[in-house]
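Beneath this line is the structure, given in structure tokens, with notes to follow.
The values are calculated or read from the model by the stated rules, or taken from the named source; none is laboratory data. Nothing here was measured: the structure is a model prediction, and the numbers come from that model. Here Cβ is always computed from backbone atoms with ideal geometry, including for glycine, and neighbour counts include all displayed protein chains.
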Amino acid sequence: MVESGAAPGPAGLPTGEAATPFVRELLSGLPASCTWLLPVTAADGTVADFRIAAVGTRADDVAGRSGQERVGRTMAELYPTLVGQPLWQLYHQVLADGTPGRLPDFRYTTEQLGIVASSLFDITVHRACGGLLVYWQRLDEDLRRLAQTETLGSLGWGETDLTTGETTWSPGMYQIFERDPALGPLSRRAQAEMVIEEDQPLRETTWQILDSGTISDLTLRVRVGDQVKHLRLVADTARDPAGHPVKVYGVVQDVTARETTRTAMDRLQEQLHTQELTMVAEHRLAGRLQQIIQPVPEDVVELGCVQALVRYLPAENSVRVGGDWYHALTLPTGQVLLAVGDVVGHGLPAATAMAHLRYSLTAWTSVGIGDPAQLLRHMNTLCLQLNTTATAVIAVYDPADGSLVWARAGHPLPLLGSAGTAQPLPWLDGLLLGASARADYPPGRVVLRPQDVLLLYTDGLTERREGDEQQTLDAVTLALAELSGDADRPLATLLPRPNPHDDTCVLAARVRR
């Protein structure tokens, strides 16, 4: 027998044996199971066999022979059972008429060392360069990998044609639902009846999500035989050009083991994580609320003849916002009101109570109430109604005579710096806000001179765990004295460092004339 070059190739391209170097170079770069066959003719000119002239990079065949072992040998020599069979006939047909051919679901059976092996292929054949380019796609390996994946992952897939009602299941689905494949898939109604009653709303939610055009990912409890399984369903729909759903398909995973074997530690960790997320969310909400209620100006605020600077420093080591607040404004009478307070507690309740107090203070002053003692009495009544407690100090400065009238409710005494010295204002009684309905807040009065600096603050300024409170207070007093002795020194030099464990609010006010 001799090789035939009868099969013509495209104009200008070599064919037959002359094309071998070119085809081998081409196939060496293709990551596929393909072979290039050249026809071998008999003495009478008919094609009697096919010689393997080139192979792709995935060259090993079903018998484990490499491409190097097979190149140069004939198909009849390597695969004698193919001679005369449908694939053999397809080779002859494509070589003769040049029309590409395909043989789907081709099963090749061979026997080695007494063991019969069967493999399933999808084969396509094209005429090329005077020979045949044959592509072998092995199907049984893909199916085996799919089955292994379904088994290892407790997975299955299914799809339903909404037009015909036909449902298709993978082997994994039959395993999950413990159903004989010979019976075919369960109907949609039967599947719905298996969902336990408490989870039926979730099943309805699945369809609502799919109707919205979104992929659904929910876990349902399904009764299979005498047990309840937790099944995670990821479902989607295929739609026609008009947008109408025509098919529903999804992947199901049996997550029963994961749901039923979670340890007490796992549950505790989830609870702690949820609590942490709740605290963080609360912190962010309270922080935003605090910024909305009392935005802190970055620069000095001019209030007539009084220059004021506010600083709010949240605790460094806390995720919860405190209830510290301030207020500074010019009253309709031309007087200047200065106030600082601290709601007991942290988080959203403290921020909410702080909002009530600060907004109420604004409302009371807008209707002409400017007496610190009266304002504190109103705030005490409000705290009793809110079932909360707080401290506060309110001072009103009158530029007409330089007097400062003030009162306190359980709050640290303000500090006054004057001409290079500083000391607390005289002691005044005053119960915590919200402590008693009969509480009274006697006022005090001092006279301020130009360049005097008044410092109102919350307890976070001086109450620090790592040091002595009096020592911290002495350091603040000294800084205030130096500030009051130098009219050109900016108020910002009084800025404290943050307290790791408590919020700090500071309001410094300087009399300019």
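List every residue pair whose Cβ atoms sit under 9 Å apart, with the two residues 6 or more apart in sequence or on different chains, where the first one lies in region 228-244 and is at positive phi and in the same structural domain as residue 192 (by TED's automatic domain parsing) and the second, anywhere, is part of a loop (DSSP other than H, G, I, E, B) and loosely packed, with under 14 Cβ neighbours inside 10 Å.
Qualifying pairs under 9 Å: 243/213.
Using the structure shown, decide if residue 373 is closer than 24 Å to residue 506 by Cβ and either outside any helix (DSSP H, G or I) or modelled with pLDDT under 95 (or both).
Details: closer than 24 Å to residue 506 by Cβ: yes; either outside any helix (DSSP H, G or I) or modelled with pLDDT under 95 (or both): no.
It is false that residue 373 is closer than 24 Å to residue 506 by Cβ and either outside any helix (DSSP H, G or I) or modelled with pLDDT under 95 (or both).
Take the residues in region 439-492 that are within 44 Å of the chain's Cα centre (by Cα) and assigned to a loop (DSSP other than H, G, I, E, B); name whichever of them is surrounded by the most Cβ atoms within 10 Å (Cβ to Cβ).
Once the filter is applied, the top-ranked residue is 458.
Just to be sure I understand the filter: pairs with C-beta atoms under 6 Å, separated by 6 or more residues or on different chains, first member in region 488-513 and over 15 Å from residue 472 (Cα atoms), second member modelled with pLDDT of 85 or more and polar (S, T, N, Q). Which pairs pass?
505/458; 510/307; 512/307
What are the residues in region 184-219 that are touching a Lys or Arg at 6+ places or on another chain (Cβ under 6 Å) and touching a residue at least 24 places away in the same chain (Cβ under 8 Å), if any?
Step one: list which residues in region 184-219 are touching a Lys or Arg at 6+ places or on another chain (Cβ under 6 Å), which gives 194-196, 199, 219.
If the condition is that a residue be touching a Lys or Arg at 6+ places or on another chain (Cβ under 6 Å) and touching a residue at least 24 places away in the same chain (Cβ under 8 Å), then 194, 195, 196, 219 are the ones that fit.
Does region 401-412 contain at least one residue that is small (Gly, Ala, Ser) and without any contact (Cβ under 8 Å) to a residue 24 or more places away in the chain?
Looking only at region 401-412, we keep the residues that are small (Gly, Ala, Ser), and these are 402-403, 407, 409-410.
When the remaining residues are screened for being without any contact (Cβ under 8 Å) to a residue 24 or more places away in the chain, the result is none.
No, because not a single residue in region 401-412 is small (Gly, Ala, Ser) and without any contact (Cβ under 8 Å) to a residue 24 or more places away in the chain.
In region 166-183, what residues are free of Cβ contacts under 8 Å to residues at least 12 places away in the same chain and within 27 Å of residue 244 (Cβ to Cβ)?
166
Could you please tell me which pairs satisfy a Cβ distance under 9 Å, a separation of 6+ or placement on different chains, a first residue in region 147-160 that is outside the structural domain of residue 238 (by TED's automatic domain parsing), and a second residue that is among the basic types (Lys, Arg) and at pLDDT 80 or above?
So the pair list comes out empty.
For region 206-245, give me each residue that is aliphatic (A, V, I, L, M) and loosely packed, with under 14 Cβ neighbours inside 10 Å. Working first, answer last.
Of region 206-245, the ones aliphatic (A, V, I, L, M) are 209-210, 215, 218, 220, 222, 224, 228, 231, 233-235, 238, 242.
Across region 206-245, the qualifying residues are 215, 238, 242.
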